[in-house]
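No value in this document is a laboratory result; all are computed from the given coordinates. The structure presented is a predicted model; accordingly, all values stated were derived computationally and were not measured. Counting neighbours? That spans all protein chains shown, and the Cβs are built from the backbone with ideal geometry, glycine included.
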Amino acid sequence: MAVDVILGLQWGDEGKGKIVDYLAEKYDIVARFQGGPNAGHTLKFDGKKFVLHTVPSGIFRERLINVIGNGVVIDPITLEKEIKNLDDAEVNYDGRLLVSRKAHLILPTHRFIDAASEAAKGKEKIGSTLKGIGPTYMDKTGRNGLRVGDVVAHDFKAKYEKLKAKHLGLARLYPDFEFDLEAEEQKWFSSLEVLKKLPMIDGEYYLNDAIKSGKKILAEGAQGSMLDIDFGTYPFVTSSNTVTAGVCNGLGIAPSKIGEVIGITKAYCTRVGSGPFPTELNDETGEFLRQQGGEFGATTGRPRRCGWIDIPQLKYTIMLNGVTQLVVTKIDILNEFESISVGENYIYNGEESDQLPYDICTIEVTPVYKAYKGWMSSLDGVTDFDALPNEAKDYVHLLEQKLQVPITMVSTGPERSKLILKEKTALAY
Ligand code: GDP
Ligand code: IMO
Ligand code: MG
């Protein structure tokens, strides 16, 4: 069986958690392949709401195995909190939540350096979630990191102290920054005991054996392609490969094993943190989108920047990911817009283009908009694509035509049930 992939095509928060949760029951395994507690994936069903940061979004489907892959960075403190939420909700995750030995650990001092480095950057800050993501991936590529498999080693504490000492040395490069290291360390070591109780696996063998035995795997991305370390709006990005290629590195799966690539986009666009955002609306329309969409971060609570959908940006990420089908989420947020604009092209350096410029962070990129008539009605209770108002159908068809990828699902609300299957999908079911 091939591995299907779900990932975000914008700057994160596209509704990945909801779609993974919905589709998960058709699979045997959901596996997170990158990112860490910077992610916040919201799931709503049966009147309940959960926000997951490290735990894959298949955890609420009873029979499913959930794998935290080697490409993920784990903060045991966040993981413990997530597990406590599962306990409180009486979710049985026994033997269903597995962790790759090769996943890297976020130490308290990684968070310390993240925060000190961001504070020192002042106005130029990335707008990091301050979860220690950048410093942890730095230690991974710098070959200094600690991995989940290390926690059972007899000399783990010594390795920890060595890395901590390095971090404290680094911290001296930054202006003084308040951080209660002792308290955070205490929490960290206590949370590590919770992590140790989860089954540790050699994820690459586990998943490849699963593929061989015909199991269906869904790879769950975090962040969005525009935050990819290589292809995003660098340096305003996260520190991992958020694109499909990241599935191979982050789970140990060969490119030839990738099946469907399901790209998720909101019906408009948001970004949280600093960096370029060509179709951003710094006016009352943007504010209206934020209020209608409840656009406040699931991890940090920060207001998200809002704007219209951006066709060149989506064409770029569809290309990078090899997207085979699209999901449009939050279309209901446009219910009360008389007119909906679409960024169809860019103008920069005096010319029109549909490509993202290398220097997108420093030059002015002006979108060329076209306005379309809104539907001005509620989509509540609509479960059939043909029953959507004509303008909503036209909007979906327009996106399909511009992006040249079939839209297989349209999401009309945060709940699991609020999803229109537009056409038969070529997924594992
Ligand atoms: P993720 O990080 O990609 O999983 O997305 P987030 O959970 O950070 O943000 C998406 C937000 O939109 C969450 O609050 C979801 O509950 C909500 N959501 C997802 N799909 C829809 C939808 O179709 N309509 C509405 N109104 N909300 C949605
Ligand atoms: P999900 O999975 C939206 C953004 C941060 C910041 C930049 C770098 O919920 O879509 P980092 O903490 O990684 O060093 O931050 O990336 N960012 C996200 N934005 N959704 C996310 O995850 C994000 N994870 C990181 O706001 O701009
Ligand atoms: Mg999110």
Exercise. Stretch Y205-E62 to full length: gain in nm at 0.36 nm per residue minus the Cα-Cα span?
Worked result: 49.1 nm
Exercise. Which lysines have a Cα lying under 21 Å from the Cα of K216, excluding residues fewer than 8 positions away in the same chain?
Worked result: K16, K18, K26, K257, K424
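For the range 128-176, give the magnitude of the charge dipole about the Cα centre (Cβ charges: +1 Lys/Arg, -1 Asp/Glu; no others), in debye to the nearest 20.
Details: 10 positive and 5 negative charges, 17 e Å.
The dipole magnitude comes to about 80 debye.
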Exercise. Which residues in the range 194-222 place their backbone N less than 15 Å from a point set 7 Å from the Cα of D150 along the Cα-to-Cβ direction?
Worked result: none
Exercise. With contacts defined as alpha carbon pairs under 8 Å and 6 or more residues apart, what's the relative contact order of the range 287-414 in percent?
Worked result: 30 percent
Seminar exercise, completed: With Cα springs under 10 Å, the Gaussian network model of the chain assigns the largest mean-square fluctuation among A31, A183, A120 to A183
Problem set entry | Inter-site label distance for S417 and D386 at 7 Å from Cα along Cβ, in nm | 2.3 nm
Problem set entry | Neighbour net charge for K125 - beta-carbon separation under 12 angstrom, K R +1, D E -1 | -1
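When the dipole is taken about the Cα centre of the range 316-429, and only Lys, Arg (+1) and Asp, Glu (-1) are charged at their Cβ, what size is it in debye, to the nearest 20? All intermediate terms of the calculation are to be shown ahead of the outcome.
Values: 9 positive and 17 negative charges, 87 e Å.
Roughly 420 debye for the range 316-429.
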Exercise. Among the aspartates and glutamates, which fall within straight-line cross-link reach of K157, defined as a Cα-Cα distance under 18 Å, with same-chain neighbours fewer than 8 residues apart omitted?
Worked result: D75, D139, E182, E184, E185, E193
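Give, rounded to the nearest 20 debye, the magnitude of the charge dipole that the chain has about its Cα centre when Lys and Arg contribute +1 at Cβ and Asp and Glu contribute -1 at Cβ.
Working: 51 positive and 59 negative charges, 252 e Å.
Value, rounded to 20: 1200 debye.
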Seminar exercise, completed: CD proxy, 222 nm, the chain: helix-only mean residue ellipticity via -39,500 (n - 2.57) per DSSP H run with n ≥ 4, per residue, nearest 500, stands at -9500 deg cm²/dmol
For this session: With unit charges on the beta carbon (Lys/Arg positive, Asp/Glu negative), name the residue among A222, G250, V272 whose Cα is farthest towards the positive pole of the charge dipole of the range 200-296.
Result: G250
Exercise. Which whole-number percent is the relative contact order of the range 206-356 (Cα, under 8 Å, 6+ apart)?
Worked result: 22 percent
For this session: Please pull out the direction-averaged projected area of the range 117-272, using the convex hull of its alpha-carbon atoms, in nm² to one decimal place.
Result: 12.3 nm²
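Can you give the net charge of the other residues whose Cβ lies under 15 Å from the Cβ of V152, counting K and R as +1 and D and E as -1? If you can, show how the numbers build up before the last one.
On the way: positive: R101, K102, R147, K157, K159, K196, K197; negative: D150, D155, E193, D202.
After counting each charged neighbour, the total is +3.
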Exercise. If amide H atoms are built 1.01 Å from N in the plane of the peptide, which residues on other chains or at least 5 residues away come under 5 Å of the amide H of I74?
Worked result: H104, L105, I106
Problem set entry | Label-reachable residues, the range 128-146, where backbone N falls under 11 Å from a point 7 Å from A120's Cα toward its Cβ | none
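What is the local net charge at E280, summed over the other residues whose Cβ is closer than 13 Å to its Cβ (Lys, Arg +1; Asp, Glu -1)?
Numbers: positive: R271, R290, R304, R305; negative: D283, E287, E295, D310, E364.
Net local charge, E280 excluded: -1.
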Problem set entry | Paramagnetic reach from A254 (point 7 Å along Cα→Cβ, amide N under 18 Å) across the range 1-38 | 1-4
Exercise. Between V51 and D180, what length comes free when the chain is fully extended (0.36 nm per residue of separation minus the Cα-Cα distance, one decimal in nm)?
Worked result: 43.8 nm
For this session: For the pairs K49/K84; K48/K393; K44/K315; K81/K140, note any where the Cα-Cα span goes beyond 20 Å.
Result: K48/K393; K44/K315; K81/K140
Problem set entry | Where only alpha carbons of the range 141-209 are counted, the Rg and the Dmax (Å) | 15.3, 50
Problem set entry | Choice from G17, G232, G58 with maximal GNM fluctuation in the chain (Cα, 10 Å cutoff) | G232
Problem set entry | Gaussian network model of the chain, springs between alpha carbon atoms under 10 Å - residue of R172, R290, R61 with greatest fluctuation | R172
Problem set entry | Overall Cα dimensions of the range 1-93 - principal axes, largest extent first, Å | 33, 27, 23
For this session: Output the antiparallel fraction of DSSP beta bridges having both residues in the chain, as a percent to the nearest 5.
Result: 40 percent
Exercise. Quick one: L419, L181, fewest Cβ neighbours within 10 Å first, how do they rank?
Worked result: L181, L419
Exercise. How far is helix 390-403 tilted, in degrees, relative to the longest principal axis of the Cα atoms in the chain, given as a value from 0 to 90 rounded to the nearest 10?
Worked result: 60 degrees
Problem set entry | Relative contact order of the chain, pairs being alpha-carbon contacts under 8 Å that are 6 or more residues apart, as % | 21 percent
Seminar exercise, completed: So the angle from the long Cα axis of helix 76-88 to the longest Cα principal axis of the chain, reported in degrees to the nearest 10, equals 70 degrees
Seminar exercise, completed: Expressed in angstrom and ordered largest first, the alpha-carbon extents of the range 69-148 along the principal axes are 44, 28, 16
Seminar exercise, completed: Quick calc: nm separation of the 7 Å Cα→Cβ label points for K393 and K159 -> 5.9 nm
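Using the alpha carbons of the chain, what is the convex hull volume per residue in cubic angstrom, as a whole number? Working shown, then result.
Numbers: hull volume 59.7 nm³, N = 429.
Residue-normalised Cα hull volume stands at 139 Å³.
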For this session: Go from 0 up to the bin containing the longest alpha carbon distance in the range 226-306, width 10 Å each, and give me the % of pairs per bin.
Result: 16, 38, 30, 14, 2
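Sort K48, K196 by Cβ crowding within 10 Å, fewest neighbours at the top.
Values: K48 9, K196 13.
By the 10 Å Cβ count, ascending, the order reads K48, K196.
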